[in-house]
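S.K.: Below are the C-alpha cells for one structure; questions will follow.
No value in this document is a laboratory result; all are computed from the given coordinates. Because the structure is a prediction, the values reported are computed rather than measured. When we count neighbours, we look across all protein chains shown, and the Cβ atoms used for this are built from the backbone with ideal geometry, even at glycine.
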Amino acid sequence: MLRLTFQHRKVFPPLAESAGVDHTIELTTRLGDGIFQIRLPLTGNPLRYINAYLIEDEDGYTLVDRGWKADDVFAALHEALIRCGIALHDVRRLLITHAHFDHYGLAGTLRRAGLRELGLHRFDWAFARLLLSNPLAADRAADDWIARNGLRVEEPFDDTHQRLNELTEPTRLLEDGDRVGRLRAVWTPGHTPGHLCFVDVRSGKMLTGDHILDPITPHVGIWGERGENPLAAYVASLHKVAAIGATGALPAHGEPFADLERRCTELLAHETEREAQVLGALTRGPSDAASIARAIPWTRRQRTLAELAPAHQQFAVAETLAHLEAARERGLVTRDAHARPYAYALV
Ligand SMILES: [Zn+2]
Ligand SMILES: [Zn+2]
C-alpha cells in the first residue's frame with residue numbers, strides 16, 4: 001500500500017508583511033568537487049533560506065532542490081547562476097529530494113524557462129498530487145484527523161503553500177539506486193513517503209534533503225487514517241544512510257556538515273527519547289494523542305504544547321501519533337478505535 005504523509009501545509013507561519021531581501025545570507029558558496037551551494041530565500045520564514053545544490057556533470061549541471069514559487073526566489077537563483085558563471089540553459093536537469101513546497105515549488109517556473117528534465121520519486125509525485133489537487137479538502141481532512149485525536153484548532157484556511165507551490169509533472173520517476181549522472185538516488189522514506197537523498201559518487205558526499213538536518217530535527221508525523229508507519233520508515237532510513245559512510249552531508253536547511261554518522265546517531269537517540277516520553281505518559285492510564293502531547297516537552301526549549309502556535313500544536317500531535325502508531329505496530333500499545341478521541345493504552 002502506498003504510504004502517504006500530509007505535511008507542510010501549515011509548517012510555516014504567515015509571511016511577514018515587510019519582509020525584504022535578507023542581505024546577510026551569502027548567496028553562493030563553492031564547495032569544491034564541482035559543487036555549488038545556493039542559498040535561496042524563504043522570505044518571512046525563520047529558516048531564512050533553503051539550499052539548492054548545483055552539481056557539475058559531464059553533460060551539464062544538475063540542480064537539486066530549489067525554493068518555493070516566488071519571484072524573489074527565481075531572481076535569487078538567476079543571480080546565483082550568474083555568480084557561478086553558469087547560464088540557465090547549462091542546467092540540464094532538476095532533481096527533487098521531496099515534494100514539499102520549499103523544495104519543489106519553483107520547478108514549474110524553471111520548466112517553463114526551458115529546463116527539460118525533472119526527476120523525483122514516484123511516491124512523492126503521488127504525494128504532490130494528493131496535496132495539490134484539492135488543497136482545501138486536504139487541509140480540512142488533516143484538521144479533522146488531528147481533531148479526531150483530541151486537538152481541535154480553529155483556523156481559517158491558509159493557502160500559503162498553495163500559492164508557493166505548483167503541481168509540475170516529472171519527466172522521470174526515480175527509484176532507489178537509480179543513477180543520474182554522478183548522483184545515485186537513495187530512497188529514504190519517513191519525512192515524506194518518497195523522500196530521496198543523493199550520494200555524489202565523485203566526492204562521496206550525500207545530499208540529505210530534509211531527511212537529515214543539523215541541528216533541526218526533521219518532522220515525521222501522521223496526518224490521516226492511512227495505516228502508515230512513517231516513524232519506522234524514518235528510523236530505517238537513518239540506519240540506511242549511516243551505513244553508506246558518506247564523507248559529508250549537504251542538507252537542504254542549515255549548513256553542510258562533515259559527520260553524517262554522528263548526526264544519524266543523534267537523531268536515532270532523539271526518537272528513542274521521544275518514544276520513552278510518549279510511552280511514559282501512558283503509564284498513568286489510557287490517553288489520546290493530544291493529551292500525551294500536552295504532557296511532554298516540545299522544541300529544543302522544552303516548551304509545553306500550549307506555548308506553541310496552533311499549527312505547530314497540530315505538528316506535535318501528528319508527531320505523537322507517529323510514535324504511538326510505531327509502538328502499536330510493535331505490539332507495545334493498543335488503540336480503542338471506538339473512543340472519541342482515539343484512546344491509546346499500554347499493553
Ligand atoms: Zn520537507
Ligand atoms: Zn524543507
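S.K.: Per residue of segment 199-215, what does 6.51 cos²θ - 1.76 cosθ + 1.60 with θ = phi - 60° give for ³J(HN,Hα)? Whole Hz please, x for Gly and Pro, Karplus curve as stated.
M.R.: Here the 3J(HN,Hα) series is 8, 8, 6, 7, 8, x, 7, 10, 7, 9, x, 9, 5, 10, 10, 8, x Hz.
S.K.: Using only alpha carbon positions, build the gyration tensor of segment 239-347, then give the equivalent ellipsoid semi-axes as the square roots of 5 times its eigenvalues, largest first, whole angstrom.
M.R.: Taking √(5λ) for each eigenvalue gives 30, 18, 11 Å, largest first.
S.K.: Mind ordering 229-242, 276-289 by average Cβ neighbours within 10 Å, highest first?
M.R.: Listed from highest to lowest mean packing, they are 229-242, 276-289.
S.K.: Positive end of the dipole of the chain, charges at C-beta (+1 Lys, Arg; -1 Asp, Glu), about the Cα centre: which of Ile35, Leu106, Ala290 has its Cα farthest in that direction?
M.R.: Ala290
S.K.: Next up: Please list 291-298, 108-115 highest first by mean number of surrounding beta-carbon atoms within 10 Å per residue.
M.R.: By packing density, highest mean first, the sequence is 291-298, 108-115.
S.K.: Can you give me the long-range amide H partners of Leu174? Hydrogens built in the peptide plane at 1.01 Å from N, cutoff under 5 Å, separation of 5 or more residues or another chain.
M.R.: Amide H neighbours of Leu174, under 5 Å, 5+ apart: Leu120, His121, Arg122.
S.K.: So, one more: Want the number for Asp59 to Leu173: 0.36 nm per residue separation, take away the alpha-carbon distance, what's left?
M.R.: 39.1 nm
S.K.: May I pose another question? Just to check I understand the Karplus step: with θ = phi - 60° and J = 6.51 cos²θ - 1.76 cosθ + 1.60, what whole-Hz values come out for segment 227-240, glycine and proline as x?
M.R.: x, 9, 9, x, 5, 4, 5, 5, 4, 4, 5, 5, 4, 4
S.K.: Quickly rank 142-148, 313-319 as a protection proxy: mean count of other C-beta atoms within 10 Å, highest first.
M.R.: Numbers: 142-148: 18.9, 313-319: 24.4.
So the order, starting with the most tightly packed, is 313-319, 142-148.
S.K.: For the chain, what does the relative contact order come out to in percent, with C-alpha contacts under 8 Å and a separation of six or more? Before the final figure, lay out each step's value.
M.R.: Working: 687 pairs, mean separation 53.8, N = 347.
Computed value for the chain: 16 percent relative contact order.
S.K.: Tally Lys and Arg at +1 and Asp and Glu at -1 over the other residues with C-beta under 10 Å from the C-beta of Ala52: what net charge comes out?
M.R.: Neighbourhood net charge equals +1.
S.K.: Here's another thing I want to ask about it. Determine the gain in length on full extension of the stretch Glu307-Asp71; use 0.36 nm per residue of separation and subtract their C-alpha separation, reporting nm with one decimal.
M.R.: 81.6 nm
S.K.: Bin width 20 Å, alpha-carbon pairs only: give the P(r) of the chain as whole percents, running from 0 to the bin holding the largest distance.
M.R.: 31, 58, 11, 0
S.K.: May I pose another question? If you plug each phi of segment 36-49 into the Karplus form 6.51 cos²θ - 1.76 cosθ + 1.60 with θ = phi - 60°, what whole-Hz ³J(HN,Hα) values come out, in order, with x for Gly and Pro?
M.R.: 10, 9, 10, 8, 9, x, 10, 4, x, 10, x, 5, 6, 8
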